[in-house]
Ligand code: AMP
């Protein structure tokens, strides 16, 4: 069986085609700038799990349907062909950002589910409408395939109510669903399971602090394999400092922006989602650039790095308390996997929590799951490369093969 994983954004479609049961990647790629003047496709083909060829096409892609049809054509024809018949793709797994309380598991999509998803769009207006478009066009292009939605929020549906509720009037929750949901759940679930398996610990008794540091950043306290607290809330804006998002701040800032600075909601939205975080402090949202400036003693970059690190350390302390016992701290995503500097700064002087980094292991280059703690460290420190597409396939398999 073959499973296509689709991640639809407002102007992009990212995809990976997997062969099951091996879960081997056959092809991957992305359609970029859909509906814009310079749209195109980057497509890679794999043999025995390794990339064996790639092409870049500049073609007009007016909408997501045309984009997906072009993907199907690349999978079927010419020297990029990896399937003979479109019907070989039996399942399309879709990343959906917000499932609210309605969807705590991967879900087979039918017209009723699509309606429910549309009703939830108000909770994730930047993401869910694009995810829904991805499902709709996939239903048209891959007519015979099952469409499965996998939710970023689902892993966090085990948060207890005293964690997910905000201390605001009840009806905001009961009528409008205003609560913390948490995001990056597919990544936190994947890396925490990988870490447990790597350490030979039963996932159901594994306690970990999972730190996802990419463009978006979030942390999760995983107790006995389940999410019990996470740093993002109603939307992916809260918690840690990110590339362009602020993380936690006093919400009355928003009143100030409106009342004193006379900003409207669209301006506030842009300021908080696109122009805050590292970018707000340094003008740069890419951490590599900020680290470069930090090393040149730029004061704003120094401030930004200290803010970024301090927030992560504060959450480690909070989650150590929430968990009671920490088996492992896991670093993942673009920054977590690739920056020994950030990992070192985060782990410095955490002996109080039984956390001690081994500097040589931390700086040794590797793309594999690995341990980086000092031999005296009570807590294991791991770098685990995340793989959200593979986790979507894992979840699709759990859904479509009952009893496994
Ligand atoms: P992701 O969202 O997981 O793809 O992560 C993307 C982010 O990872 C980029 O914005 C970079 O800032 C960051 N990144 C990638 N490599 C490094 C590195 N070697 N050091 C610091 N940050 C990195």
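The values are calculated or read from the model by the stated rules, or taken from the named source; none is laboratory data. Here the structure is a predicted model, which is why all the values come from computation and not from measurement. Neighbour counts run over all protein chains shown; Cβ positions are idealised from the backbone, glycine included.
Does the stretch 333-358 hold any residues that are within 23 Å of residue 292 (Cβ to Cβ), away from the ligand (no atom under 16 Å from the Cβ) and either in a loop (DSSP other than H, G, I, E, B) or out of contact with any strand residue (DSSP E or B) (no Cβ under 8 Å at 6 or more places or on another chain) (or both), and which are they? Quick ask: steps written out before the conclusion?
Taking the stretch 333-358 first, the residues within 23 Å of residue 292 (Cβ to Cβ) are 333-348, 357.
Retained after the next criterion (residues that are away from the ligand (no atom under 16 Å from the Cβ)): 348, 357.
348 - this is the single residue of the stretch 333-358 that is within 23 Å of residue 292 (Cβ to Cβ), away from the ligand (no atom under 16 Å from the Cβ) and either in a loop (DSSP other than H, G, I, E, B) or out of contact with any strand residue (DSSP E or B) (no Cβ under 8 Å at 6 or more places or on another chain) (or both).
Results for (1) more than 19 Å from the chain's Cα centre (by Cα); (2) over 25 Å from residue 26 (Cβ atoms); (3) modelled with pLDDT of 95 or more, shown as yes or no for each residue.
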{"position": "105", "(1), (2), (3)": "no, yes, no"}
{"position": "108", "(1), (2), (3)": "yes, no, yes"}
{"position": "126", "(1), (2), (3)": "no, yes, no"}
{"position": "129", "(1), (2), (3)": "no, yes, no"}
{"position": "144", "(1), (2), (3)": "yes, no, no"}
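Taken together, the residues in the stretch 247-286 that are assigned to a loop (DSSP other than H, G, I, E, B), more than 16 Å from the ligand (Cβ to nearest atom) and under 26 Å from residue 120 (Cβ atoms) amount to 4. Residue check: is residue 182 touching a helix residue (DSSP H, G or I) at 6+ places or on another chain (Cβ under 9 Å), within 16 Å of the ligand (Cβ to nearest atom) and either modelled with pLDDT of 95 or more or over 21 Å from residue 368 (Cα atoms) (or both)? No, not satisfied.
Within the stretch 155-185, the set of residues being closer than 25 Å to residue 95 by Cβ, surrounded by fewer than 24 Cβ atoms within 10 Å (Cβ to Cβ) and either touching a strand residue (DSSP E or B) at 6+ places or on another chain (Cβ under 9 Å) or free of Cβ contacts under 8 Å to residues at least 24 places away in the same chain (or both) comprises 157, 158, 159, 163, 164, 176, 180. Remark: residue 156 falls outside the filter, which requires a residue to be within 16 Å of the ligand (Cβ to nearest atom) and within 15 Å of the chain's Cα centre (by Cα). Residue count for the stretch 305-332 satisfying the condition of being more than 12 Å from the ligand (Cβ to nearest atom) and either part of a helix (DSSP H, G or I) or farther than 17 Å from residue 192 by Cβ (or both): 17. Among all residues of the stretch 293-300, there is none that is within 18 Å of residue 215 (Cα to Cα) and within 12 Å of the ligand (Cβ to nearest atom). For the stretch 364-387, indicate whether the set of residues that are assigned to a helix (DSSP H, G or I), within 16 Å of the ligand (Cβ to nearest atom) and closer than 22 Å to residue 199 by Cβ is non-empty. No, every residue in the stretch 364-387 fails to be assigned to a helix (DSSP H, G or I), within 16 Å of the ligand (Cβ to nearest atom) and closer than 22 Å to residue 199 by Cβ.
Would the stretch 213-234 turn up any residue that is more than 14 Å from the chain's Cα centre (by Cα), farther than 20 Å from residue 384 by Cβ and within 16 Å of the ligand (Cβ to nearest atom)? For the stretch 213-234, residues more than 14 Å from the chain's Cα centre (by Cα), farther than 20 Å from residue 384 by Cβ and within 16 Å of the ligand (Cβ to nearest atom): absent.
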